[in-house]
Amino acid sequence: MREYKLKSNVADYRSFIDYENDLNTEQQEVVFAKEGPLLVIAGAGSGKTRTVTYRVARLIEDGIEPSRILLVTFTNKAAKEMLHRVESLINMNINRLWGGTFHHIGNITLRAHSKAIGYENNYTILDREDSKDLLNSCIAERGLNKKENRLPTGDVLRDIISLSVNANKTLEEIILNRYPHLENYIFELTMVSRRYGFQKKRLNLMDFDDLLFYWKYLLEQHQEIRKAYCERFHYILVDEYQDTNKIQSDVIDILASFHRNVMVVGDDSQSIYSFRGANFANIIEFPNRYPDAKVFKLETNYRSTPEILYLANCSIDYNQNQFPKKLRAMRKSGTRPALVPLGDVIEQANFVAQRILELKEEGGISLNDISVLYRAHYHSMELQMELTRRGVPFEIRSGLRFFEQAHIKDIIGFLRIVVNPFDELSWKRVLKLFPGIGNVTAEKIWKFLSCRNEPLKAIDSNDIFSLISNKASSSMDRFRVILSEIKDPPTKYHPDEMVRIIMEAGYKDYLQDNYPNFESRIEDINQLSHFSNRYNSTEAFLSEMALLTDLSAEQITIDKDDRERIILSSIHQAKGLEWKVVFLIWCVDGRFPTSRSLEDHDGEEEERRLFYVATTRAKDDLYICYPTLDYYSKQSRRLLWPSRFIKELEPSAYEKWAIKEDFSLFYDIKTDKNLMS
């Protein structure tokens, strides 16, 4: 917590703040709003941080003790930035103001009252790795074998428990809704979860979710403690309120119940984290929980051109559950966003790569000012390959480079064994995926195989079983079945078919049991399978992958210096950031929005909010790209339809481009209302 001593003479620093010139009219209304609950809908690029900062400064200027103010943010960086700005504005130290993340404030509160919840105040906070290890220990204590019983790893179970706590739902509800493949293990997982909670209490440990859970518990169960904090915080300000989960919202409501001077700031149109437990209802229903709340809107945008904002406004208008607003640009007019239909994903990658080089060489735009955004990490695969081929430096914000990911390496490992049976590293990698086969056993098997002329035949020898434990026998049988199916013609010449067999033979189950984000990993592999259809043989496919991986390794070394590079990012990771030029790729139905999201109305509206977030990252130029064909199989090409978010746009919101075959010329054509043509 920050401590500070308030100056006695307010007039000493009142003159430092020039509200009239520093703030626009919308921001001033928020800063000078009277007491009571306030909801501030802050549109993208509207100066939200400045408004919150000046509000805090104004409260202190009016004589409010900083120790009576609570400022809650979602990152430590945001908290430090806001507090530093306040100090600069009023030219004084404000260490006594309570500022920080939910977890930070919760931790400070719990340290002071740990006895009330059955903890010592020197409790240890577990990080994610610690939590995973403790959960694995709890699984072992119950005599359960994760691999034999198909139980998830501690890492996966950690995510399930976390979502249960933050969404205020039972473990059973979370499993049935988000992890249905684990339905048969609800009882066992519930018992493990209870054991995990018991062990944390016994060992004086808390994980990050406990900091929120026990903070709320403390306030609900201990009246005197609740009264002290409710009376203490005369003013409460919450940043990024649209990202709060149920437990965070409940804590704020409790703390604000006495003075009711709570100001929540956020943008319902940028609520995109439901998968983490964020509750959209918190912001949208705030006026229902506080009927006397005053609602303010910050609609003046300082980031983007009018043309980009027009497109963003057109799109978000289709959401029914929202606080309607219209972003207004302060900048001069620019070019209309470009809508770029392309033949297939390879053509899409070629276009983006070449256009980036043209913007740099002809337009003088730094690579640092360019970003490519996408809905899912695997959407960047072809672009990563094309940028690597062309030697264009890039940084990935959505995860590892595509071919460096463990699950991609696993699949490639199976294929490499078939093509080169003497590939020691691949043999060891895939063998260790199976229960009962660790480093020592894999080494024994490899030594046995490497002495034979034909390792793929030798693996079928019964002599293998003398090298492994009885526990690993069934694993070896499964492994040999997979190899027998993928090594023989015609399958061995069709990498897509090989991948399908590997997935159906158990690797899909392996992903579900070992990775919290198993769905996105399955999508990665499906995309890899489709992509492999471009090659005439498995050898050609693997050769291309090896070449690109090698080039990528060289690029990683280059990227460690200060050279310019473009950013490749998922839209979720890009929230809060901005670039002069933004390319939004893979804008087709089923990919963006995702097929899964279209199963319910709320899902489609959140996807549209994602589209809104993506478009409002662009300052000067926006390119919306979509392929019209996918490489589905060697025999057929699957037709892709433009995203419904594109079809909803007014034709005047964009220029539709046509691309010449050599990619040397780009030109706009008359906009068509019917994008299906």
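The values are calculated or read from the model by the stated rules, or taken from the named source; none is laboratory data. What you see is a predicted model; the values in this text were computed from it and never measured. Accessible surface areas use protein heavy atoms only, side chains included; no ligands, DNA or RNA. Shrake-Rupley method; radii C 1.70, N 1.55, O 1.52, S 1.80 Å.
Going by accessible surface with a 1.4 Å probe and the largest first, ARG128, ARG96 read ARG128, ARG96. Pairs exceeding 21 Å between alpha-carbon atoms, taken from LYS332/LYS575; LYS80/LYS575; LYS575/LYS656: LYS332/LYS575; LYS575/LYS656. Kirkwood-type hydrodynamic radius, region 270-418: 19.6 Å, calculated from all non-identical alpha-carbon pairs.
Rounded to the nearest 10 square angstrom, PHE32 shows an accessible area of 90 square angstrom against a 1.4 Å probe. Rounded to the nearest whole Hz, the Karplus-based 3J(HN,Hα) values (6.51 cos²θ - 1.76 cosθ + 1.60, θ = phi - 60°) of region 80-95 follow the sequence 4, 5, 5, 5, 5, 5, 4, 4, 5, 5, 9, 6, 7, 7, 10, 4, with x at glycine and proline. Compute the Cα gyration tensor for region 171-217, then decide on rounded, prolate or oblate, letting a ≥ b ≥ c be the square roots of its eigenvalues: rounded whenever a/c is under 1.5, prolate when a/b is larger than b/c in the other cases, and oblate in all that remain. Oblate shape, in that a/c is at least 1.5 and b/c is the bigger or equal ratio. Cα convex hull, region 383-460: 122 Å³ per residue, rounded to a whole number. Sorted into 10 angstrom bins from 0, the C-alpha pair distances of the chain split as 3, 13, 20, 23, 20, 13, 6, 2, 0, 0 percent.
Is region 150-235 best put as rounded, prolate or oblate by its Cα gyration tensor, with a ≥ b ≥ c the root eigenvalues, rounded for a/c under 1.5, and otherwise prolate when a/b is larger than b/c, oblate when not? Prolate is the answer for region 150-235, as a/c is 1.5 or above and a/b outweighs b/c. Extension gain, GLU220-GLU544: 0.36 nm per intervening residue step, less the Cα-Cα distance, totals 110.6 nm. Close amide H pairs (under 5 Å, H built 1.01 Å from N) link GLU240 with VAL265, residues at least 5 positions away or on another chain.
Solvent-accessible area of TYR535, all protein chains in place: 30 Å² (probe radius 1.4 Å, heavy atoms, ligands and nucleic acids excluded). Largest to smallest in accessible area, the residues HIS530, HIS84, HIS379 fall in the order HIS84, HIS530, HIS379 (1.4 Å probe, all protein chains included).
Ranking ASP630, ASP602 by solvent-accessible area of protein heavy atoms (1.4 Å probe, all protein chains present), from largest to smallest, gives ASP602, ASP630.
Across region 259-265, rounded Karplus estimates of 3J(HN,Hα) from the backbone phi angles (6.51 cos²θ - 1.76 cosθ + 1.60, θ = phi - 60°) give 7, 6, 9, 10, 10, 10, 10 Hz, Gly and Pro being marked x. Of LYS169/LYS201; LYS227/LYS326; LYS444/LYS492; LYS132/LYS428; LYS246/LYS432, which pairs sit farther than 30 Å apart, going by alpha carbon to alpha carbon? Violating the 30 Å limit, Cα to Cα: LYS227/LYS326; LYS246/LYS432.
Taking 0.36 nm per residue of separation and subtracting the current Cα-Cα distance, fully stretching the chain between ASP22 and ILE108 would add 27.5 nm. Using heavy atoms of the protein chains and a probe of 1.4 Å, the accessible area assigned to ILE64 is about 40 Å².
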